[in-house]
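Undergrad: I'd like to ask you about the structure that follows.
All of the numbers you see were taken from the coordinates with simple rules; none came from a lab. As the structure is a computational prediction, the values presented were derived from the model and not from experiment. Here the Cβ is made from the backbone with ideal geometry for all residues, glycine too, and neighbour counts use every protein chain on show.
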Amino acid sequence: MLARVPSGWRAIVVDNGSTDGSADIARSLGATVVHESRRGFGAACHAGLAAARADFVCFCDCDASMDPGLLAPMAGRVAAGEADLLLGRRRPQGRGAWPVHARAGNIALSRMLRRRTGLRLHDLGPMRVARREALLGLDLTDRRSGYPLQMVVRAADAGWRVAETDVPYLPRSGKSKVTGTWRGTWHAVRDMRRVLAEPPVTRTAPTEGISA
């Protein structure tokens, strides 16, 4: 995965409780490793966002299901002003790439998101790009599985242009604690339903241009 990160980009890997030595492997391959004591998907994502220093930040799972090389054109579209938050819409490639229970949960959440925000998105994909300062301005508070949904909801409340683009989705390496089981999927849906129940928070839309 790290070998496919665009040349010149800084890869940040967040370790929030790994016991398999993956943090050491990532560090040996040139990644910046950030340690986060709190468990949870959102805690890891937000720690990476806080540690970033670039004008634009990208999120991508490290399970080989998506190609980080696709982040470069996505970032280019955000930089060009086509969108304020660009999500990768997963397009399964091959059998087993996207388990039925995980896909069903994603469809249900997309429908709830549409009712809550009016956004007609098909996927709450983990591959996404936005401006760093603007994301920090959303004041995201969820540190569990609701983090990616809260990002989209608060962006919509702030009047951001939220869009999606197709990305190939391959069978992952290893088993996910979330999409790999019905129980994990249920916990994720529960966290996200809690996010959807939050009252709207008014924020400002990102400004154009790139800081020096």
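Undergrad: Identify which of the listed values of P(r) over Cα pairs in 10 Å bins from 0, in percent was calculated from the structure shown: (1) 8, 28, 33, 24, 7, 1; (2) 8, 35, 41, 16, 1; (3) 8, 26, 25, 20, 14, 7, 1.
TA: (2)
Undergrad: Also: With the chain treated as a Gaussian network of Cα nodes joined by springs under 10 Å, which of 26, 155, 108 yields the largest mean-square fluctuation?
TA: The residue with the greatest mean-square fluctuation here is 108.
Undergrad: Where in the chain are the DSSP H helices whose C-alpha atoms run 24 Å or more along the long axis and whose mean Kyte hydropathy is at least 1.0?
TA: none
Undergrad: Any chance you could check the Cα centroid distance between region 48-88 and region 110-128 for me, in angstrom?
TA: Cα centres, region 48-88 to region 110-128: 18 Å.
Undergrad: For residue 79, put the label point 7 Å out on the Cα→Cβ axis and report which residues of region 1-36 keep their amide N under 12 Å from it.
TA: Once the point is set 7 Å along Cα→Cβ of residue 79, 7-9 turn out to lie under 12 Å by backbone N, inside region 1-36.
Undergrad: Here is a further query. Less than 15 Å Cβ to Cβ from residue 23, Lys/Arg counted +1 and Asp/Glu -1: what total charge do the surrounding residues give?
TA: Spelling it out: positives minus negatives among the neighbours equals -2.
Undergrad: Taking 30 Å as R0, compute the FRET efficiency from the Cβ-Cβ separation of residue 161 and residue 24 and round it to 0.05.
TA: 0.15
Undergrad: Now, a different point. Can you give the FRET efficiency for residue 9 and residue 205, using 1/(1 + (r/R0)^6), R0 = 35 Å, r = Cβ-Cβ distance, to the nearest 0.05?
TA: The computed FRET efficiency comes out at 0.85.
Undergrad: Residues of region 159-174 with amide nitrogen under 14 Å from the 7 Å Cα-to-Cβ point of residue 63?
TA: Those under the cut-off are 169-174.
Undergrad: Along the Cα→Cβ direction, 7 angstrom out, place labels at residue 114 and residue 54. What is the inter-label distance in nm?
TA: Between residue 114 and residue 54, the simple spin-label model gives 3.3 nm.
Undergrad: So for 98, 9, fewest C-beta neighbours within 10 Å to most, what's the order?
TA: Ordered by Cβ neighbours within 10 Å, fewest first: 9, 98.
Undergrad: Report the residue, chosen from 201, 167, 34, that carries the largest GNM mean-square fluctuation when the chain is represented by alpha-carbon nodes joined by springs under 10 Å.
TA: Maximum fluctuation in the GNM of the chain, among the listed residues, is at 201.
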